[in-house]
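K.L.:
First the structure, then my questions, so here it is.
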Amino acid sequence: MANRRAPDRRVGGFVLIEAVLAVTILAVTTAGVFVGWSVTVRHNLDSHLNAQAAQLARAEIERAKLNGANGLPFGAYSASSGTAAWSGAYDATANAGTGGWVANLPVYYDASGTRVASAANASLVLMDTLTDSGVLATQGSGYALQPTSQRGIVVTVTLTSDGSTVLAMGTTLVQGGL
């Protein structure tokens, strides 16, 4: 029996340490991948909501342009500032007397941009603010538009979850167009 050596016990210890180290590296890497994945999914959802908000706001601005300066609702006139303000939104189901524009009406949309009846199933809420300047005061508390009057519309889209503003977009309309 030539050269028989006793087994080296140190080798088994190194294998166990290497296995624990490999599992630790795998766990940290896997956790990092899942954190990165969840951040990517969150950014994707935020981008989707931002895109929907932009489409809804653009559509509302285009609707206001189609109605023209004279087709938009009149607001409450302030004699001290010589301006008027109105807040609400367009509702296609509203009675013909309002032209579809309803004061103090928020309009709710789900994440895909489909209109929903209430905030319960909504992701986004849309509200318009009209500001009229350069108007002519009439008897009582009313006013009339002049050729130089400007009608500013700002469409604000907010999240129903926390009320934060996703997007605000606006334009100014004048009688007779540009």
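K.L.:
Search the range 20-58 for residues being modelled with pLDDT under 90 and hydroxyl-bearing (S, T, Y), and hand back the single one that is farthest from G113 (Cα to Cα).
P.N.:
S38
K.L.:
Might you let me know whether the range 81-91 holds any residue that is in a loop (DSSP other than H, G, I, E, B), among the aliphatic types (A, V, I, L, M) and within 20 Å of Q55 (Cα to Cα)?
P.N.:
No.
K.L.:
If you go through the range 136-169 one residue at a time, how many are outside any strand (DSSP E or B) and either of a type outside the set (D, E) or more than 30 Å from the chain's Cα centre (by Cα) (or both)?
P.N.:
Total meeting the criteria: 14.
K.L.:
Under 8 Å between Cβ atoms, at least 6 apart or on separate chains: pull out the pairs that start in the range 118-132 with a residue that is within 29 Å of T83 (Cβ to Cβ) and end on any residue that is charged (D, E, K, R) and part of a strand (DSSP E or B).
P.N.:
What qualifies is L130/R151; T131/R151; D132/R151.
K.L.:
I'd like to verify a number: residues in the range 65-111 that are of a type in the set (V, I, T), over 24 Å from the mean Cα position of the chain (by Cα) and surrounded by 17 or more Cβ atoms within 10 Å (Cβ to Cβ), how many?
P.N.:
Result for the range 65-111: 1.
K.L.:
Confirm whether D132 is over 28 Å from D46 (Cα atoms), crowded, with 18+ Cβ neighbours inside 10 Å, in contact with a Ser or Thr (Cβ under 8 Å, 6 or more places away or on another chain) and not polar (S, T, N, Q).
P.N.:
Yes; evaluated as a whole, the condition is true for this residue.
K.L.:
From T160, T148, grab the single residue that is farther than 19 Å from A79 by Cα, touching a residue at least 12 places away in the same chain (Cβ under 8 Å) and among the polar types (S, T, N, Q).
P.N.:
It is T160.
K.L.:
Which is among the hydrophobic types (A, V, I, L, M, F, W, C), over 19 Å from the mean Cα position of the chain (by Cα) and assigned to a strand (DSSP E or B), of L126, L173?
P.N.:
The conditions single out L173.
K.L.:
In addition: Suppose we filter the range 65-89 for residues that are over 20 Å from Q175 (Cβ atoms) and in contact (Cβ under 8 Å) with a residue 12 or more places away in the chain; how many remain?
P.N.:
Here the count works out to 5.
K.L.:
May I ask you to verify whether T156 is closer than 23 Å to Q55 by Cβ, among the polar types (S, T, N, Q) and surrounded by 19 or more Cβ atoms within 10 Å (Cβ to Cβ)?
P.N.:
yes
K.L.:
I need the full set of residues from the range 55-64 which are surrounded by fewer than 15 Cβ atoms within 10 Å (Cβ to Cβ) and in contact (Cβ under 8 Å) with a residue 12 or more places away in the chain, in order please.
P.N.:
Within the range 55-64, Q55, R58 meet the criteria.
The values are calculated or read from the model by the stated rules, or taken from the named source; none is laboratory data. All of these numbers come straight from a predicted model, not from anything done at the bench. Note: ideal-geometry Cβ built from the backbone for every residue, glycine included; neighbour counts use all protein chains shown.
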